[in-house]
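The values are calculated or read from the model by the stated rules, or taken from the named source; none is laboratory data. In this text, all values refer to a predicted model and were calculated from it rather than measured experimentally. Quick reminder, even Gly has a Cβ in these numbers, built from the backbone with ideal geometry, and neighbours come from all protein chains shown.
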Amino acid sequence: MRTFPSWMEDDYNKIANKGPLSTLIFGNRFKADQTLYEYLIEFLLIFVSAKNEDLKEGKMQFHDVTGEHKLSYWVEPRMALRRFIFFDKSKKKGSIPEDFIAYSEMVNYLNDKMDVADRESAKEYIEDIQDLFHGYAAVVKNRFWGAQALLPICPEFILCGVDPTEAKRRKDVNWENDPGSLDTKFDFKRHNFLSRGGELYYLHLLQGLEGDRDRQERLVRLLNDLVSGQCKKISKMAGYVQDTWEKKYSLDKKVLSQKLEVAYIPATGYKECGSYSVDELISFLSCKLHPITRVEILAKGVMFQIMRMMSYRVADYLDIEKPAWIVDMKGETTDTVKKIAHGAFLNIESHFMSAINKMANEAGIEEERMKKVREARINSLDIFKSKGKELQCIIPVSGPFERFSLSEDVIRFLVLSLVAPGDKMTLKMFLEKLYYNYRIVIGPEEYRQSLKSINMDSSLANCFSENVVAFQCFLRSTGFLKELSDATSIVVNPYESIEEAEA
Amino acid sequence: MNNKKYIDYLNSLHNYNAQNENAYGEKNVDNPYFREVMVRVGLCDYIKDNLTGEAPHITILTGHAGDGKTSIMYQVLTDLKAGFDTKEKLSEVSLPNGAKCLCIKDFSELSEESDNQINRFYVMRKAVEMVENGNYVFMVANTGPLINTFGELFDTDEEKEKARIQLINLMDNNTGKVINICGVQLCVINVAMVDNVYFATEFLEKITQNSLWEGCKGCQKCEYCHIYRNRQLIVENRTKVFEFVHNHFIWLTEYGTRLTIRSMTEQLAYMLTGGMSCEEVRHNEAYKYLFSNLFFGYIGTKQNERAQNIIAVDAANRCLYDHKRLRADEKLIVGKEYKELFGKQIEEIVVDAEQRNAFVSGWTEFLRRTYLFMNIVTDKQIILQDYEDVFSKQYKRYLALRDGTDTPSKADAKLIADALSMIYVGTPSDGTEIPLTLSRESGITQNVQLITGTIPVRKLHVEQIKTKDSVFNKGRDRYELKLRIDKKVLSTVLTLPMLDYFEELKNGVIATNIDPQLSHGVESLKAQISEMLKEDEDENTVEIVVLKNGGNNNIRLELTDDGRIREV
């Protein structure tokens, strides 16, 4: 099968007849352990990282895909910063004794750096800075301190995946003679939590840009503003903590850095929606939102777009019409829309399974077929479902009648990404746009259209009118809907544009 | 039953009996009573001036069904001494300046089909031609058909889309100016976005005017007729009744329920008659059909389900004014000081009703409804208390600012300062400056927060800005409130719900689940403030606030060039 980038096909072929099946279908790769925020973090990690050994070139840029070369990027793990923020506040599993020593060294050293009247308040201030940083934690869970993640509000906070490899470090770390070894003996390439889902999204955008310079420049500018334009003070402070440590032990950033490689996605399937994803992202990022809110909603929006990627790819692979996401906005217990929406959802589930089975046949898998199919389901459909539920766009969280819905944050993302800042369109146009970009069905018109190709009876379409009314109420209460009259409402993106403000 | 015709007319304005034939403008304007009760709308003068003073263009009147578009057209044409034929869809009249004016009574009623000769597209074309030939067009149209047909005038899909979007913008901005869209001179006035609250009291004034009630005086039912009694009570308690009605409709509008003129008409007509004709009037206990009950859809102490079909009655009922505890309850319910509170006539009615109802559920609410409309209390302090209890603490102040009878003061700015301070750091402002923090919304507690800037409280001002729709209502100026920091006015409007929320915040009521509309307002305020302060940023100085039980602690740290941290 063809891949994007095309020169990665050999890598694909190596696993073409053994799997994992989900990688063969969706690209390398989706894995169930990745949390919602980590998709955004990983995507931004590639974007902000240097694309060259010298750790300078290519920062805050997309890869150049004109030449045939592996898409590598060099990350700075910043283990000292992570130790400073997370070590004291988390369980010490995966730590070695030297980590304790290094941690107290670090705190003491920073203490010494303080020009404050008395030592007590210096100590307090250091704790305050730790608390300040920790307040922006995004993923903590029960993880080892090095694998906890921060909200990507500045480049220093965007950190790569780390595996503790306790046994190996106990053996290899030589704190006395080589303090650098403390931070370099982790395993950075196992992709446990940053398990490449963000890479797929990155490739998806890269493919969607199709070498369109203008759009790429615009997107780069806006992503720049997102990660380095807003929280400069935090950035400065975090940079200071890491740099102070490096200076004290004369560590070389290049030695600390790690080279990672982006893999591949299928050549078809994501391509069509890739272009939408780019445009949507540009529109969303142009809105002048509160910097933290912006990141929080973006994380959800990116996940929503990834769900679309999966859904579109399944249809592409099975060579069928893209499935409609029939959305139940009413959420009532007994309702026709609920039933239809549930039916449509079952349909999508079964498409996922058909695709996996088809791939199992194509790859000629016989040994442990059941196991491999199950695994593929966990790493595709189950992600689709569990993340959908986390976004509250698949309801209910548990129990029967699973179906699509839309939550406040997802709607916020949709409005801001489909309507340019300061712009407006009629509700009808917005519903059309949702259908065009996502196959989201809310109203009767779109429902009829979704049935056209499969020639089904659309007599139930009218029960979708109330669905639209519910959607309308929701939009109104969130401040995105204005009524021109009782017959016409307009969807507005009330935010100002960042670009205009700059110009 | 000498006044039967008029009472029947009033009953034809509401839908209590499902017979509201005069609720529709085109029907109503033909009724002889229409002229008597018609409220002159400021918009008419505006349109008249446009049609006579501006260069040739199309004036389009659009808005909700029941907003009084047809009545406005009638008024304008009557003023221009041109007849208004309710049966003709299209008519041509001459304007005083000699030009012709094509009047389209209801554009949306025209057929869409192309086989009908007078279809929408044809009429729209014709309208454009009229203007090209130096004439005028005045049309009433619903938004949907208007947007669609206007787009059809153009050839390519792109042009169609562009024209539609421009038209939508015009409707949304609603400036009332004549603007050229894609070569067509248009003046779009969206009645739905023009304040109409003033209508209620003016209409009430008209329908209770003496000349219309002369006939009742000789009627044999006059002694016990509740319709006549209601009218008399309204006139006698004019100040209080009008004040409450006015306040109520503003309250509704501010809290998101904007009623149309038709809805208000329905409620006010029903409030007088209770849906009964002269024949149906019987000996009834006086308290039952008091207008103060009918206004909320009650008969005596019981709710009347059928009356809730009247939209405005239902909306009034949902406000639950009569369920709110008042400080005046002590005199009203405990002390039973009816005479002092109401005067002799109402006292009799209430005392009479009390004999049978004192222990009936709903009695307290009945007393409060009566109190809302007909108390004769003059003590300013108590009146202010009533405002606070029935509506909200900020309401009276808000009204004064909204109507421009007062200007914003330091106290108003202080309210905002306290609320902002609560939002950012969780304590009321100390009067010096408000730290703005970079905090998360999702409810994760951040004990230490980064201060991204501070607003000196003395630079915080509330600004009173005339609303756009004031141009349409001459002499009825209205203002909205905005926040000004130093010299910059933020675009977020400080609405009444926001002020009420701020008041609660200040008093430490923490609403975790505030309604989305409110959170949107607060959020956009925050976004604008943080954007404003972005410029004066010194990257090397970090200021943080540590939230502690015993009070907040601000710390300023500077990263020096030689790699040290200094407290500043």
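What to note about this one:
- Any hit, segment A:176-189, residues being of a type outside the set (S, T, N, Q), over 27 Å from A:LYS59 (Cβ atoms) and modelled with pLDDT of 90 or more: yes
- Filter pass, B:ILE104 being among the β-branched types (Val, Ile, Thr), under 33 Å from the mean Cα position of the chain (by Cα) and either farther than 22 Å from A:THR488 by Cβ or within 13 Å of chain A (Cβ to nearest Cβ) (or both): no
- Single residue of segment B:254-295 satisfying the filter (assigned to a loop (DSSP other than H, G, I, E, B) and polar (S, T, N, Q)) that is nearest to B:ARG356 (Cα to Cα): B:ASN284
- In segment A:490-503, of all residues being facing chain B (nearest Cβ under 9 Å) and not in a helix (DSSP H, G or I), the one that is surrounded by the most Cβ atoms within 10 Å (Cβ to Cβ) corresponds to A:ILE490.
- Here the helices (runs of 4 or more DSSP H) wholly within segment A:1-94 that include at least 1 residues being touching a Gly at 6+ places or on another chain (Cβ under 6 Å) are A:36-48, A:79-86.
- Only one of the numbered conditions (1) more than 12 Å from chain B (Cβ to nearest Cβ); (2) closer than 20 Å to A:PHE84 by Cβ; (3) not in a helix (DSSP H, G or I) is violated by A:GLY146, and that is (3).
- When A:GLU199 is tested against the conditions (1) part of a loop (DSSP other than H, G, I, E, B); (2) among the acidic types (Asp, Glu); (3) at pLDDT 95 or above, the lone failure is (1).
- Under the condition of being modelled with pLDDT of 90 or more, in a helix (DSSP H, G or I) and within 14 Å of chain A (Cβ to nearest Cβ), the residues counted in segment B:118-148 number 0.
- Here B:ASN22 fulfils each of the conditions (1) under 23 Å from B:ALA200 (Cβ atoms); (2) touching a residue at least 24 places away in the same chain (Cβ under 8 Å) apart from (2).
- Within segment B:84-109, the set of residues being at pLDDT 85 or above and within 25 Å of B:GLY144 (Cα to Cα) comprises B:LEU90, B:SER91, B:GLU92, B:CYS101, B:LEU102, B:CYS103, B:ILE104, B:LYS105, B:ASP106, B:PHE107.
- Identity of the residue in segment A:27-49, among the hydrophobic types (A, V, I, L, M, F, W, C) and within 8 Å of the chain's Cα centre (by Cα), that ends up surrounded by the fewest Cβ atoms within 10 Å (Cβ to Cβ): A:LEU36
- Checked against (1) of a type outside the set (A, V, I, L, M, F, W, C); (2) within 14 Å of chain B (Cβ to nearest Cβ); (3) within 20 Å of A:PRO155 (Cα to Cα); (4) over 21 Å from the mean Cα position of the chain (by Cα), A:GLU53 meets all criteria but (2).
- Test: residue in segment B:394-415 that is closer than 30 Å to A:TYR136 by Cα, buried (at least 19 other Cβ atoms within 10 Å of the Cβ) and among the hydroxyl-bearing types (Ser, Thr, Tyr): no
- Tally of residues being touching a Phe, Trp or Tyr at 6+ places or on another chain (Cβ under 7 Å) and either part of a loop (DSSP other than H, G, I, E, B) or surrounded by fewer than 22 Cβ atoms within 10 Å (Cβ to Cβ) (or both) across segment A:274-296: 2
- Pairing residues of segment B:405-427 that are over 21 Å from A:HIS290 (Cβ atoms) with residues that are surrounded by 20 or more Cβ atoms within 10 Å (Cβ to Cβ), at Cβ distances under 6 Å and at least 6 apart in sequence or on separate chains, gives B:PRO408/B:VAL462; B:ASP412/B:VAL462; B:ALA413/B:LEU460; B:ALA413/B:VAL462; B:LEU415/B:PHE502.
- Residues that are more than 9 Å from chain A (Cβ to nearest Cβ), assigned to a strand (DSSP E or B) and surrounded by 20 or more Cβ atoms within 10 Å (Cβ to Cβ) within segment B:524-568 comprise just one, B:VAL545.
- Criterion applied to A:SER477, A:SER458 was being away from every other protein chain (no Cβ under 14 Å) and modelled with pLDDT under 90, and the one residue passing it is A:SER458.
For every residue, the table says whether it meets (1) under 22 Å from A:CYS231 (Cβ atoms); (2) away from chain A (no Cβ under 14 Å); (3) crowded, with 17+ Cβ neighbours inside 10 Å; (4) modelled with pLDDT under 90.
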position	(1), (2), (3), (4)
B:LYS466	no, yes, no, no
B:TYR479	no, yes, yes, no
B:ASN507	no, yes, no, yes
B:VAL522	yes, no, yes, yes
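- Pick from segment B:427-449, criterion more than 23 Å from B:ASP486 (Cα to Cα) and modelled with pLDDT of 85 or more, ranking: surrounded by the fewest Cβ atoms within 10 Å (Cβ to Cβ): B:VAL448
- Test: residue in segment A:119-134 that is in a loop (DSSP other than H, G, I, E, B), within 13 Å of another protein chain (Cβ to nearest Cβ) and surrounded by fewer than 22 Cβ atoms within 10 Å (Cβ to Cβ): no
- Some residue of segment B:210-217 being in a helix (DSSP H, G or I) and hydroxyl-bearing (Ser, Thr, Tyr): yes
- In segment B:1-41, the qualifying residues are those that are part of a helix (DSSP H, G or I) and aromatic (Phe, Trp, Tyr), and the one that is nearest to the chain's Cα centre (by Cα) is B:PHE34.
- Of the residues in segment B:322-337, at least one is under 30 Å from B:LEU481 (Cβ atoms) and assigned to a helix (DSSP H, G or I).
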